[in-house]
Every structure is written in structure tokens, then in C-alpha cells.
Amino acid sequence: MTDADTKKYSLEPPEVARNPHDTYRELRDNAPVTELGGRSQSGAITLSRHEDVMRAFQTPEVFSSDPDAVEIGNTRPLVPLQIDPPHHRKHRKALDPLFAPKQMAKHEPRVRELIRELINKVADQGHCNFHQSIAEPLPSTIFLELLGLPVSRVDEFLALKDGIIRPPARSMEERREKVRATGQKIYAALEEVVDARMAERQDDFLSTILDAEVDGQPLSRDDVVDIGYLFFLAGLDTVSASLECMVAFLAQNPDHRQRLVDEPEMIPHAVEEMLRYESPVASSARITAVDTEVNGCPISAGTRIHLLIGSANTDERSWPDPDDVDFDRESKKHIAFGAGVHRCLGSHLARMELRVALEEWHARVPHYRLADGIELEFSQGIRQIDNLELVW
Ligand code: HEM
């Protein structure tokens, strides 16, 4: 790769964010190890081939999750995402049982009840902004209820989460400042609730985590706040963005949509295939712990790395006909939930919510399309679509 080639590619233009697959392919073919152009990427090296992304996910001793990998407003490492092995394992051992499939299944009736309520509000009006009416309120209400944060403050929490994930900023410096200030507010909100739970336990995840042990010791107040901070970012945004990506795809692909209406039992397969193709969490961050090389390109220790999940999930070197969205596809080994030790803790919750939401939506609103004249606007990184205007 010559100097002239660096920063040639960007995922930031709206038309690329809407349909990143051509750029993903060009990156894999021409610049599999490169610095992308655009405001948010400065200095980071992006890996786009499946093999390279997998190697990075699977070698945390080289590609570390140290907090320096990404700026998300925290002053202590997020637990467990920014803890490298071997300590990471102990935290996952404490947290995994909370998010196990059997535990998540207990929450399915509540998810179904809430999605029905939300659909009832819009079904007869013939149109809605799907982001505002369904995709944002569903997972955030469920998650705040599970975690034990006050649902009455949902708007404030969503604004804080957006202040970290997609802060409105004209420069990197402004972005950094906004993210730092928002981080302090998130700490304050979590400390308030954790202190209340330390005084009196409730039937919620924060209370359960306060009673969890790592190495035979109870977790400290800071540990619980640091877990809460990560949950806050991971739990409030990812399922909304995933549901939006899926419904946007189905609104534009009537044959795929009709199949789900006719064969609702296909929905779990469709969820996996659309997670692969859309990759709503488009990338993960790492920082190199030692000097290394990828595909013959030397990379020094301390370099920020973006693992382009969306590109890895559509790499023709690993997937037959990767651009065909095939609900009958046999391999489900996509990495939309990451891979290796940090693979998503919330995947069972996410899958259940997505399945139930698609089942209920298609039972009630089977025929829908994008409103006339809408050019979908996808946000960077986690692919939220604020202007998902539907008509039926
Ligand atoms: C469809 C929705 C979701 C997607 C696509 C998704 C995606 C991901 C990805 C790609 C990672 C790996 C990050 C990395 O290695 O850098 C991850 C990790 C994680 N996710 Fe999710 N996620 C989703 C939903 C959730 C939910 C609902 C929660 C709720 C708690 C959650 C909690 C976490 C946590 C705690 C980690 C870090 C795990 C660790 O470090 O061991 N995720 N997720």
C-alpha cells in the first residue's frame, strides 16, 4: 500500500453508510490493511478480510481490548470488554449465567406484551417512524427494566448513550470533549442507582451483580458501575439498530418479507442471515499490544485497530455468494456478535427480542414499504436509522 493509497476509502459518505458492501469489497480486494478516510477514523488501521479480523479477535495478547483502543468517555476499564485474559474469564464466569438462554426465555412474555402495546399505537394509522415508535422504545424499556434503572428516565438515558456513540461534533477535539462530559454524567447516573441497590436490593440485574463474586470476593462498587457503563452502551443501542437494519431490508425486499409472513418459523434463520449481511455493529476496536504484521503489513505496538465485522461477514473468501441474503443459508457462523473471548454477552437476549419483534410486527403489519422519497440515513459504527419512515 503506497502513501497515495492511504485514506482513499471512507465509510462515512451517506451513500456508503447506506450500502457499504461495495466499499467493503474494494477494501478486501485492494486495501485489506489500511487507514480509512473520514473524521472519526484518524490513525486507526482497518482490517477488512474475514481471516484477519478473526485472527485479531482470537489473539487478545496481540490485539488488546485495553481502554486506549477506543474513546467512549470512561475513566476506568469497562468490565468485561476492556479487560484482557486471564482476568476477563473470571468476570464472564460471574456474568454469563445472568444472560443464559433459559434466563432470557423467562423475559419473552414481557417482550411480547410490550411490542404488542407499541404496535397497537401505530397499526391503524398506516405509517410510522419505525425507529421512534418501535425499535428504540422496545429494547431500551426492556433493558432498563432488567438492569434496574428507572424506565421513567429513558429519554435522558438514550440521550446519554447517543452522546457517547454518535455525539454531534465538527472536530475530533469537540467529539472527545463531548464524550468525556457525557461519560461523567453516565457515571453519576449509575452511581446513584448502584448506591440505592447497595442499601436495598431489588429484583434486578444490578442487585444480582452486587451479590456476584469474582475469585471468591464480592465485586466492588466501582466494578458494578463499570459493568453498568458497558451494559448501558451495549444494551440500549445494539438491538434497536439491528431491528432497524432488518426492517429497512425487509421494507425494500418484498419477497424476503413475504416469506416471513408466510413462514414465520423462518424468522430465527432470517434474524441470523440479516445479522450477517447487515452487521448492525459494523466494527470493533482493538489496540496492538506488541509489534505485529497483518497480510505482510507491519503494524507497531500501540496502533488502534478497527475490525470491520460487516466486511468480514461478507468476505467471498469465507462465504459462498455473500451478497445473496439467503434465509436458508446453512452456515450461521457470522461474527455479528464478535468472536473469541469477548463474544457478545447479550446475544441470547438480542436474538429473543429480534425474533419476537419480527413475529409480532409481521403478524399485524405484513405489507409495508419505505415512505416515498426517503433516503435512509445510517449512523456510523452502530448502524441506527433515525429516519426509518414506513407506510402500509
Ligand atoms: C443484536 C444486538 C447486538 C449486537 C449485534 C452485539 C454485538 C456485539 C459485539 C460485536 C461484541 C464484541 C465486541 C468486541 O469484541 O470488541 C459485543 C460484546 C458485548 N456485548 Fe453485545 N451486541 C448486541 C446486543 C447486546 C446486548 C443486548 C447486550 C446486553 C447486555 C450486550 C452486551 C455485550 C457485552 C457485555 C459485551 C462484551 C463482552 C465481553 O467483553 O466479554 N450486547 N456485542
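The values are calculated or read from the model by the stated rules, or taken from the named source; none is laboratory data. Because the structure is a prediction, the values reported are computed rather than measured. FYI the Cβ positions are ideal-geometry reconstructions off the backbone, even for glycines, and counts take in every protein chain you see. Quick note on the areas: whole protein, heavy atoms, side chains included, nothing else; ligands and nucleic acids left out. Shrake-Rupley method; radii C 1.70, N 1.55, O 1.52, S 1.80 Å.
Residue count for region 115-152 satisfying the condition of being basic (Lys, Arg), surrounded by fewer than 14 Cβ atoms within 10 Å (Cβ to Cβ) and touching a residue at least 24 places away in the same chain (Cβ under 8 Å): 0. Taking each residue of region 196-221 that is among the small types (Gly, Ala, Ser) and looking for partners that are surrounded by 11 or more Cβ atoms within 10 Å (Cβ to Cβ) with beta-carbon atoms closer than 7 Å, six or more apart or interchain, yields Ser207/Gly148; Ser207/Arg197; Ser207/Arg201; Ala212/Ala94; Ala212/Leu219. Scanning region 168-183 for any residue that is touching a residue at least 60 places away in the same chain (Cβ under 8 Å), open to solvent by less than 10 Å² (accessible area, probe 1.4 Å) and either of a type in the set (D, E, K, R) or in contact with a Lys or Arg (Cβ under 7 Å, 6 or more places away or on another chain) (or both) turns up nothing. Just a yes or no: is a residue in region 76-95 among the small types (Gly, Ala, Ser), open to solvent by less than 60 Å² (accessible area, probe 1.4 Å), within 14 Å of the ligand (Cβ to nearest atom) and not in a helix (DSSP H, G or I)? Within region 76-95, not a single residue is among the small types (Gly, Ala, Ser), open to solvent by less than 60 Å² (accessible area, probe 1.4 Å), within 14 Å of the ligand (Cβ to nearest atom) and not in a helix (DSSP H, G or I).
Pairs linking a residue in region 372-383 that is at positive phi to a residue that is of a type in the set (D, E, K, R) and open to solvent by less than 80 Å² (accessible area, probe 1.4 Å), with Cβ atoms under 8 Å and 6 or more positions apart or on different chains, are Gly381/Arg166. Restricting region 96-107 to residues that are more than 14 Å from the ligand (Cβ to nearest atom) and in a helix (DSSP H, G or I), the residue that is least open to solvent (accessible area, probe 1.4 Å) is Ala105. Looking only at residues of region 251-278 that are within 13 Å of the ligand (Cβ to nearest atom) and open to solvent by less than 10 Å² (accessible area, probe 1.4 Å), we find that the one that is nearest to Ala31 (Cα to Cα) is Arg276.
Condition check for Glu244 on (1) away from the ligand (no atom under 16 Å from the Cβ); (2) charged (D, E, K, R); (3) open to solvent by less than 10 Å² (accessible area, probe 1.4 Å): one failure, at (1). Here Val294 clears all of (1) under 24 Å from the mean Cα position of the chain (by Cα); (2) more than 10 Å from the ligand (Cβ to nearest atom); (3) crowded, with 21+ Cβ neighbours inside 10 Å except the condition numbered (1).
Can you tell me which residues in region 360-381 are in contact with a strand residue (DSSP E or B) (Cβ under 7 Å, 6 or more places away or on another chain) and not small (Gly, Ala, Ser)? Once the filter is applied, which keeps residues that are in contact with a strand residue (DSSP E or B) (Cβ under 7 Å, 6 or more places away or on another chain) and not small (Gly, Ala, Ser), region 360-381 yields Tyr368, Arg369, Leu370, Ile374, Leu376, Glu377, Phe378.
Counting only residues that are acidic (Asp, Glu) and closer than 16 Å to Ile186 by Cα, region 120-157 holds 2 of them.
Annotation note: Cβ proximity below 6 Å between a residue of region 348-371 that is basic (Lys, Arg) and a residue that is assigned to a helix (DSSP H, G or I) (sequence gap 6+ or interchain) occurs for Arg355/Ile267; Arg355/Pro268; Arg355/Val271; Arg364/Ile119; Arg364/Ala123; Arg369/Ala251. Is it true that some residue in region 279-288 is crowded, with 21+ Cβ neighbours inside 10 Å, away from the ligand (no atom under 14 Å from the Cβ) and either closer than 30 Å to Ala363 by Cα or touching a residue at least 24 places away in the same chain (Cβ under 8 Å) (or both)? Yes, that holds for at least one residue. The residue that is surrounded by the most Cβ atoms within 10 Å (Cβ to Cβ), counting only those in region 153-167 that are under 22 Å from Ile385 (Cβ atoms) and basic (Lys, Arg), is Lys161. Considering only residues in region 190-239 that are among the small types (Gly, Ala, Ser) and over 22 Å from Cys344 (Cα atoms), the one that is farthest from the ligand (Cβ to nearest atom) turns out to be Ala199. So, in region 322-360, exactly how many residues are more than 16 Å from the ligand (Cβ to nearest atom), modelled with pLDDT of 95 or more and not charged (D, E, K, R)? Adding up the residues that qualify gives 3.
Among the conditions (1) farther than 13 Å from Trp361 by Cβ; (2) not in a helix (DSSP H, G or I), Gly163 misses just one, which is (2).
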